[in-house]
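The values are calculated or read from the model by the stated rules, or taken from the named source; none is laboratory data. What you are looking at is a predicted structure, and each value in this text was computed from that prediction instead of being measured. In this analysis, Cβ positions are derived from the backbone assuming ideal geometry, glycine residues included, and neighbour counts consider all displayed protein chains. For the accessible areas, the whole protein counts, side chains as well, though only heavy atoms, and no ligand, DNA or RNA atoms are used. Shrake-Rupley method; radii C 1.70, N 1.55, O 1.52, S 1.80 Å.
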Amino acid sequence: MWISWCLWALVAICAGDQFRDEAERIMQETPVIDGHNDLPWQLLTMFNNQLRDEKANLTSLAHTHTNIPKLKAGFVGGQFWSAYTPCDTQNKDAVKRTLEQIDVVHRMCQMYPETFVCVTNSTGIRQAFREGRVASLVGVEGGHSIDSSLGVLRTLYHLGMRYLTLTHSCNTPWADNWLVDTGEDEAESQGLSEFGQSVVKEMNRLGVIIDLAHVSVATMKAALHLSKAPVVFSHSSAYSLCNHRRNVPDDVLQLVNQTGSLVMVNFYNDYVSCQKEATLSQVADHLDHIKKVAGAGAVGFGGDYDGVSRLPLGLEDVSKYPDLVAELLRRQWTEAEVRGALADNLLRVFEAVEQVSDHTQSPEEQPIPLDKLQGSCRTTYGYSEAPSFHHQPRALLASLTTILLGLCLL
């Protein structure tokens, strides 16, 4: 009996090694493009963005999910680095903070050129693969980062932003976030306001990927119906397996299928198991479910490393991607399906976004209505309601009348 048990255990171990070896073989040719990593936020909170601090050295960085050796061990070939600033910066210094986080990504590429190369298009990603470097892209996490300005949106594009998450965990004046679906926030835009629709159209024109992680279901549906290009959920999982409102429900997954869009599965335990503990196998369950409902072309990885406090057993840091790929192979995913989840699906979406973009088309120009903006420190230049000598003839006439009457009485 014991001999039989030992033989079965040996067979299982050998099979496990076989799938792991196969995963590494595939990933050497098609490394993973991850949709969301918050290392730049860790560099801010730990070192105030001082990358030359000895402890900030990315070859030996400790107490994070991400460093250069871990990225290499995980066969990471492309990464959307999150330029994130919290919701409490909205109507304050959100734009400044966002610019600083974009700057951090650029400086990572400058300081470690043998590892990172900043790219802004699908061609750049493919070139980075050939060079064995990590294609580094900027994803801005939260529509509050554009401060309800199409001009800021365009400027961030010119600085390298290639996706914008329409909201974080707060409403913007033009889009509703996921907390609306829990009842913690009230719907303000019923998905997307008229200005929110202009943001989506301008992102299509520019070639910025629309990211629907963090948004309400109404916002998901509005953007999926409006966008001319596929969209992504850069770090979200399947609602049917974990009923957390940050996840994507099946009716939306069907729209993902119809639009050729992409869900990059989040590894955060709370979104995987709806509990404090989770496993690699449960993450694979989410990948399986999205593949079943939306198709193999709709699946990707969006680990949310360095942005979450709890990760599944077996996926503790970015070095663990090959183990997840081995699990998919164990579940009889085809090599083509695995390559799709690793990189090909994201590249397809990115290329479609690039094809839809049209910089010869006139940009969206209509500003958001003044009464939709908040913040006591705002100026109102450009709005017709703003105090202006030129725009207040009646007030000017009244003032002149008062002065003339006063002169007459002298």
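Note on Lys55: no aspartates and glutamates have a C-alpha under 13 Å away, same-chain residues under 8 apart excluded.
Solvent-accessible area of the chain (1.4 angstrom probe, protein heavy atoms only): carbon and sulfur portion equals 53 percent.
So, R0 is 22 Å and r is the distance between the beta-carbons of Thr45 and Glu316; what FRET efficiency does that work out to, to 0.05? After rounding to 0.05, the efficiency reads 0.65. Bridging of Lys276 to lysines at a Cα separation below 20 Å is possible for Lys320, once same-chain residues fewer than 8 apart are set aside.
Report note on the peptides 46-53, 272-279: ranked by the mean count of other C-beta atoms within 10 Å, highest first, their order is 272-279, 46-53. Averaged over its residues, the chain has an accessible area of 46 Å² per residue, based on protein heavy atoms and a 1.4 Å probe. When each of the peptides 333-341, 254-262, 358-366, 179-187 is scored by how many other beta carbons lie within 10 Å of its residues on average, the order from highest to lowest is 254-262, 333-341, 179-187, 358-366. Counting only the backbone N, which residues of region 177-213 are under 15 Å from the spot 7 Å out from the Cα of Gln275 toward its beta-carbon? The answer is none, because no backbone nitrogen lies closer than 15 Å to the label point. Debye-formula intensities of the chain, expressed as log10 I(q)/I(0) at q = 0.09, 0.14 Å⁻¹, are -0.55, -1.23 (one equal scatterer per alpha-carbon, no solvent).
With contacts defined as alpha carbon pairs under 8 Å and 6 or more residues apart, what's the relative contact order of the chain in percent?
18 percent
Quick check for me: using +1 on Lys/Arg Cβ and -1 on Asp/Glu Cβ, what's the dipole size of the chain about its Cα centre, in debye to the nearest 20?
On the way: 33 positive and 48 negative charges, 111 e Å.
Computed charge dipole of the chain: roughly 540 debye.
Of all beta bridges that DSSP places with both ends in the chain, some 10 percent have antiparallel geometry. Per residue, the chain reaches -13500 deg cm²/dmol at 222 nm when only DSSP H runs of four or more residues are counted, each adding -39500 (n - 2.57). Highest mean packing first, where packing is the average number of other Cβ atoms within 10 Å per residue, the peptides 101-112, 316-327 line up as 316-327, 101-112.
If you take all other residues with their beta carbon under 12 Å from the beta carbon of Arg245, and give Lys and Arg +1 and Asp and Glu -1, the sum is -4. Residue separation of Asp17 and Ser60 scaled by 0.36 nm, minus their Cα-Cα distance, works out to 12.6 nm of gained length. The label point for Gln366 and the one for Cys87, both projected 7 Å from the Cα toward the Cβ, are 2.8 nm apart. Estimated at 0.36 nm per residue, the fully extended path between Arg130 and Val356 surpasses their Cα-Cα distance by 78.7 nm.
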